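The next block holds one structure in the form of structure tokens; read it before the comments.
The values are calculated or read from the model by the stated rules, or taken from the named source; none is laboratory data. All of these numbers come straight from a predicted model, not from anything done at the bench. When we count neighbours, we look across all protein chains shown, and the Cβ atoms used for this are built from the backbone with ideal geometry, even at glycine.
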Amino acid sequence: MPRKLPRKDVVIIGLGWTGAILGYELATSGLDVVAIERGPWRDTANDFPPAYAPDELRYAVRLDLFLRTQQDTLTVRNKTNQTALPIRQFAGFLPGNGVGGAGVHWNGQTWRFLPTDFNLRSHLEQRYGKQMLPDDMTIQDWPVSYDELEPYYDRFEKLCGTSGKAGNLRGQILPGGNPFEGWRSSDYPTPPLKQNYGQTLFAEAARKTGHNPFPQPASNLSEAYTNPLGIRMGQCTYCGHCERFGCGNYSKSSPQTCVLPALMRLPNFSARTESEVTKINLDSTGKRATGVTYVDSSGEEWEQPADLVLVCAFSLFNVRLLLLSGIGTPYDPQTGQGVVGRNYAYQTTSSVGVILKDKILNPFIATGANGMMIDDYNGDNFDHSGLGFVGGGYMGAGQSNARPIQTHPVPSGTPKWGAAWKKAVAETYQSAMRLSTHGSSYSYRDCYLDLDPTYKDRFGRPLMRMTFDFHDNELKMSAYLTDRLAEIARALDPVELTATPRTGPYNANIYQTTHNTGGTVMGNDPATSVVNRYCQSWDVSNVFIPGGASVFPQNHGYNPTNTVGALAYWTADAIRNRYLKNPGPLG
Amino acid sequence: MRRFITTALLVLSSGAAVHAQTVTQDFGAVDRGRYVSILADCGGCHTAPGGKPFAGGLSLETPFGRLVTPNITPDRDTGIGNWTDAEFISAVRKGRGRHGTRLYPAMPYPTYSKMSDQDVTALRAYFKTIEPVRNEVFSNQLPFPFNIRASMVVWNWINFKPEPFRPDTSKSADWNRGAYIVQGPGHCGTCHTPKNLLGGDKTENALNGAALQGWFAPNITPAHRDGIGRWSKEELVRYLKTGTNDWTLASGPMSEAVTHSTSQMTDDDLNAIATYLKDSGLETTDAQVTPPDQNVMKVGGAIYKDNCAACHRDNGQGETALFPRLAGSALVQQNDPTTLMRIVLQGSRAVATDLAPTGPAMPPFDWRLNDAQVAALLTYVRNTWDNHAAAVDSGTVQKERQWLAKSP
């Protein structure tokens, strides 16, 4: 029997971006809030001091900050007729662990989705006709519009102090920014980062070939900044240790650098770390959550009663917790009925490697989100007539790192080891550049998450099963985008060019991104969504999933974090201004 | 009001024969007393980390041994609930506790003796109203012979010259208010004034900086190099109010003073303190600094670039309210490098306040830099960007490292 704790107003499951934002917004509204976090407490000075934060072996190779499969894992297969096998070492995507969550180890790319991304199905059907979309593609409109979400994007960017250059300021297209972006109510809080030589060369080539390059929006700060919570951040040092690392210089936006110092001062907020929520508890009607059960690091089981349960774990684990707690009907791909686990999507990435002539690029001068990008081939920014696919992505020259253990570019034909390989690495390191595309991943009837029939975790609960493969639409898109990128790259007059479009089948052993989306999608129809437009469960109205990427109906051609943050603020406002006044389903 | 003061004076001058009702219980006095407790930072010492306010239990490491601060809530058994007003007032101003027990001067009665009658009686009124907390504390954990309280008779005879605050009529009211707070309730000198062998103030060096609890409370006279001479009045106010300004961030024992005391003072009082400190006239002749060995400087510069420049920058400018500025920093140029050694070896977290909640921290480098490297680094930092201060030798760093290893 779990030991029962005193009731709280709000229990938050997971203390990453959404948990920290909701914790702050609701605790400052006077509610008594507790966050329960599976992993350890993490703090800039104690856990990522600059003296050892840039330890590539520890963090990038041995993945120190990430979830261990001994703690939890999932099984994966490509097709519904296969038997899924458990991931025994995370590789293809890397779920975080501990306070800060993915906000600790991300690169800092801070994109907004396009206005037409939010009414994707209606927009595409209207422009190209219904026949353009494959029968088994299950994309749907978001229940919120870009215009509704804009003020919340703005808030999250101001929380982060994001560096960038506006391309569309209140409808006015500005030179040097992204001309395709949705309107912005204000410019980025801090100016763009300085670009390295390779990125500058790419931007010139893109301009020469008729494209519209701009600096990638980056939550690696170009200058010191004080956010609206009064928290101070420092200027990025371009050390090139963002993704997979915590930032020791207070310059990468994270819950640690942007929220926790203010949040932890609030007397009505507390956090319990190394405590894993195993279940959201429901009352006898199944319509109301009574709190959560969790297990602490000594194995002791506790019940935390609460009036409001906020599911703020990483997207995959949000889905699993709902499945394990019996909230919502599990999705069945045979009938297409049910919703929990439906519309799992990912990201379709590809790359073009170039080796330039007589160039010294100093690629180690890098930040997670630095780079020059073009958005000409994203979403529906270009005419898809006759192309045989929908969707797109941004592309360009990002320079997130060129760390010594994992960066050794060589010309094709170089031996895989030995003196010739070493010589080639030494000669090529300074002149090689990797360009990439970051493409959408639309949702399909046979891509979903459910509970595995065979494998169990350390508590005896079934693992979650991922069934996912790339579809022709995404592979065609990736081929098209990669070709366009290669055309620009040729304008750099490279010695060598290697284009690598995405090919199937999906392989969970090769790192692509950790942009796992969907499974508890938001929508206006309970038959095709788990949560309503306020991220509130249709079935249990005191459970919210405030903006984790699990609520995305499909994934677009951008990194998800800015939309996750915007939805967190959107949900916080709905809870504060609507739900608390009249608890129950929000219409 | 005048009548009230007269009554209070009578109370004080009549010694022990005081009755509880002579200290007024009106709201104005209680509220004033609450503010005086902030000026006097009673909570800074009498509240243990994570403990109930004023319930005592904080360990003070003095050069003579350990003292644990007593419970001063009105709990009858473990606090001061049974004390008379006269006993309370005598403890604050004369260092004589209940039944004449002699207090140790860790209780800053030598400076509290300068507090006005009005402030002390208000303080008493306030302390009657706070929540009684049951918390037994054994204060005197000093070794023999210091544990004999009677030894304080001699100490007081040498070091305790109680006298009321004397305003300087040639200065502004603001200056005088500042002087009163600094010398009286604020007891700044308790940490910032160097002590003689017996732990009494070296009054001729008042506020020139002093070592305590493994830190060096810096010089806060208007000295240009190692005092607050380069800080503007506004910067001083901002530092006391928020814990940070363009020069530095408070940490160590000062972060407690900021949290419990200065961040809660009125702007008028902070301005008064700054007015006085900028013009206290307490600066003394600067020490002669021998130029450092250039080879050591070269080594120190290389260590700096590898370990420090990412945050404090190549130019030593740091980042406001995040990474303390080293160039021109008074803290860096103190004659005693104890604080610098400690921060490099052990790291330190800056104070977080409502107005500056970040609370950034310097990580420890003791695992990475040996004594000679720390010495070279500090010698470099103390003598670059127009900084001038005595070189640090590795023996001093070794001693500090050993001390830190032993201290709790």
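So the values come out like this:
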{"read-out": "Meets criteria (at pLDDT below 90, β-branched (Val, Ile, Thr), out of contact with any strand residue (DSSP E or B) (no Cβ under 9 Å at 6 or more places or on another chain) and not in a helix (DSSP H, G or I)) for B:Val18", "value": "yes"}
{"read-out": "Residues that are under 27 Å from A:Thr237 (Cβ atoms) and either surrounded by fewer than 21 Cβ atoms within 10 Å (Cβ to Cβ) or free of Cβ contacts under 8 Å to residues at least 24 places away in the same chain (or both), drawn from the stretch A:156-200", "value": "A:Lys158, A:Lys165, A:Ala166, A:Gly176, A:Ser186, A:Asp187, A:Pro191, A:Pro192, A:Lys194, A:Gln195, A:Tyr197, A:Thr200"}
{"read-out": "Single residue of the stretch A:250-277 satisfying the filter (part of a helix (DSSP H, G or I) and touching a Ser or Thr at 6+ places or on another chain (Cβ under 8 Å)) that is farthest from the other protein chains (Cβ to nearest Cβ)", "value": "A:Gln256"}
{"read-out": "Matching residues, the stretch A:407-421, being farther than 18 Å from A:Gly198 by Cβ and surrounded by 14 or more Cβ atoms within 10 Å (Cβ to Cβ)", "value": "A:Thr414, A:Trp421"}
{"read-out": "Given (1) more than 17 Å from B:Ala321 (Cα to Cα); (2) more than 11 Å from chain B (Cβ to nearest Cβ); (3) part of a loop (DSSP other than H, G, I, E, B); (4) within 28 Å of the chain's Cα centre (by Cα), index of the condition A:Thr293 fails", "value": "(3)"}
{"read-out": "Selected residue [under 30 Å from B:Val344 (Cα atoms) and modelled with pLDDT under 95] from A:Pro54, A:Pro40, A:Pro2", "value": "A:Pro54"}
{"read-out": "Sole exception among (1) touching a Ser or Thr at 6+ places or on another chain (Cβ under 9 Å); (2) surrounded by 23 or more Cβ atoms within 10 Å (Cβ to Cβ) for B:Ala211, by number", "value": "(2)"}
{"read-out": "Test: residue in the stretch B:272-282 that is over 24 Å from B:Asn208 (Cα atoms) and not in a helix (DSSP H, G or I)", "value": "no"}
{"read-out": "Residues located in the stretch A:152-163, provided they are outside any helix (DSSP H, G or I) and on the phi < 0 side of the Ramachandran plot", "value": "A:Thr162, A:Ser163"}
{"read-out": "Selection within the stretch A:225-234 - under 12 Å from A:Thr257 (Cα atoms) and either part of a loop (DSSP other than H, G, I, E, B) or more than 7 Å from chain B (Cβ to nearest Cβ) (or both)", "value": "A:Tyr225, A:Thr226, A:Asn227, A:Leu229, A:Gly230, A:Ile231, A:Met233, A:Gly234"}
{"read-out": "Residue satisfying condition, being crowded, with 20+ Cβ neighbours inside 10 Å and either in a loop (DSSP other than H, G, I, E, B) or within 14 Å of another protein chain (Cβ to nearest Cβ) (or both), within set A:Ala45, A:Ala35", "value": "A:Ala45"}
{"read-out": "Single condition A:Cys247 does not satisfy, out of (1) at the interface with chain B (Cβ under 10 Å from one of its Cβ atoms); (2) at pLDDT 95 or above; (3) under 19 Å from A:Asn107 (Cα atoms)", "value": "(1)"}
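Residues are listed down the side, and each one gets a yes or a no for (1) surrounded by fewer than 20 Cβ atoms within 10 Å (Cβ to Cβ); (2) within 14 Å of another protein chain (Cβ to nearest Cβ); (3) of a type in the set (S, T, N, Q):
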| position | (1), (2), (3) |
| --- | --- |
| A:Asp55 | yes, yes, no |
| A:Tyr59 | no, no, no |
| A:Thr69 | yes, no, yes |
| A:Asn81 | yes, no, yes |
| A:Gly101 | no, no, no |
